[in-house]
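Structure first, then comments.
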Amino acid sequence: QVFSAMSEDGSVKITVCTARNLINDLMIMHTMTAVPADALGRTVVCALLMSNGMQAEQTCQITMNSDGPIRGIVSICNGEGKVRGYVGSPMLGDVELSEAVGRGLVQIVKNHPDWPNPYNGITAIRYGDIDRDIGAYLAESEQRSCALAAATSISGILCKAAGGYLIEQLPDAAPETLAKVEQNLATLVEKDGGDTLPTNLLLNGVTPLEIAQIVLDGLGMKPLQQIEPQFQCKCSSKRLVRALRLLPRDEVDEIIETQEKIEARCEFCGQTYELGPEEIRKELDNATGDPSLDEDFKEE
């Protein structure tokens, strides 16, 4: 569940997310061990928080381009809370998250079908715990005053809790309002009592609504939106054909001659697609439009 609300004076917004079932589905889908699941879980939660309030067709992509053994993390979410993601190495042993992630760059890409170009922002990975790095990105690249937390609680092959919050200071926030939010946030931290906020609260059954109520206590609360996050992958055999069309035809013909089939596996959901020589030739011969242009590529 993703719940968002605003203070009565409109100067503070909070978005709270729980995604335990979603992370469990991703763990099964990618056969992930605990550390990669924690990394992807935190990134997915951050994508859900950052995309809240966007238009339905708008997307937010978080990429952790890192040099650690996890070999990078990607999550993409739209304004409806439909999200997907993957890690480069889903099977890692017992290693600290920061060591698994390593150093590198946080890259955020926001896009909309009607925009001429996507928005890109990049900052350095300093901590390796995902949420603090993305929080630093929001402060440095987008100049947003906010508090971001995202964490998971994973035991073996089961995610017991996953979620987070994003508290944003909006224009014209009064000093006394911000002081009250800081006081309420300290109360939230105390109630959680752990170092992976807010997983202890979630494990104890505290809901996103209740977390928002704690943060906005004394400031009035106006609910904005409540959605159910869902996994959504856009892979299809048509996309494989589109990728082949971007190659020179002689290269495709050479691949067909040397291999009995062309096989591709989706990194987001693990689905494998196979195309035989005759099917490939038929698809390429009958194809129309420019495969490099989204408007010329329509899924059935």
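Annotations for the structure displayed:
- Kirkwood hydrodynamic radius of the stretch 130-278, Cα pairs, Å: 19.8 Å
- Residues Phe3, Phe231, Phe268, sorted by accessible area with the largest first, give Phe231, Phe268, Phe3 [1.4 Å probe; ligands and nucleic acids excluded].
- For the stretch 85-164, the fraction of alpha-carbon pairs in successive 10 Å shells from zero, as %: 15, 40, 32, 12, 1
- Packing-based ranking, highest mean first, of 70-82, 89-101 given that Cβ atoms within 10 Å are counted: 70-82, 89-101
- Inter-site label distance for Asp290 and Glu182 at 7 Å from Cα along Cβ, in nm: 5.3 nm
- Cβ-defined net charge surrounding Tyr127, 12 Å radius [Lys, Arg +1; Asp, Glu -1]: -1
- Packing-based ranking, highest mean first, of 233-239, 14-20, 58-64 given that Cβ atoms within 10 Å are counted: 14-20, 58-64, 233-239
- Per residue Cα convex hull volume in Å³ - calculated over the chain: 143 Å³
- Annotation: cysteines of the chain without a disulfide-compatible partner (Cβ-Cβ under 4.7 angstrom) are Cys17, Cys46, Cys60, Cys77, Cys146, Cys159.
- Under Stokes-Einstein, with the Kirkwood radius over Cα pairs as Rh, the value for the stretch 106-149 at 37 °C and 0.692 mPa s is 292 µm²/s.
- The angle between the Cα long axis of helix 277-286 and the main principal axis of the chain comes to about 80°, on a 0 to 90 degree scale.
- Using the 1.4 Å probe convention, the accessible area of the stretch 25-132 works out to 41 Å² per residue with neighbouring protein chains retained.
- Per residue solvent-accessible surface (Å²) - the stretch 210-300, probe of 1.4 Å: 67 Å²
- Solvent-accessible area of the chain (1.4 angstrom probe, protein heavy atoms only): carbon and sulfur portion equals 46 percent.
- Here, the stretch 39-81 yields an orientationally averaged convex hull projection of 2.7 nm² when only Cα atoms define the hull.
- Degrees between helix 20-30 axis and first principal axis of the chain (Cα, 0 to 90, nearest 10): 30 degrees
- Segment Ala174-Ala56, extension gain: residue separation times 0.36 nm, minus the distance between their alpha carbons: 39.3 nm
- Across all directions, the shadow cast by the convex hull of the stretch 128-172 built on its C-alpha atoms averages 3.7 square nanometres.
The values are calculated or read from the model by the stated rules, or taken from the named source; none is laboratory data. Quantities reported herein were computed from a predicted structural model and do not represent experimental measurements. With ideal geometry, Cβ positions are generated from the backbone for all residues, glycine too; neighbour counts draw on all protein chains shown. Just the protein is used for accessible areas: all its heavy atoms, side chains included, with ligands, DNA and RNA removed. Shrake-Rupley method; radii C 1.70, N 1.55, O 1.52, S 1.80 Å.
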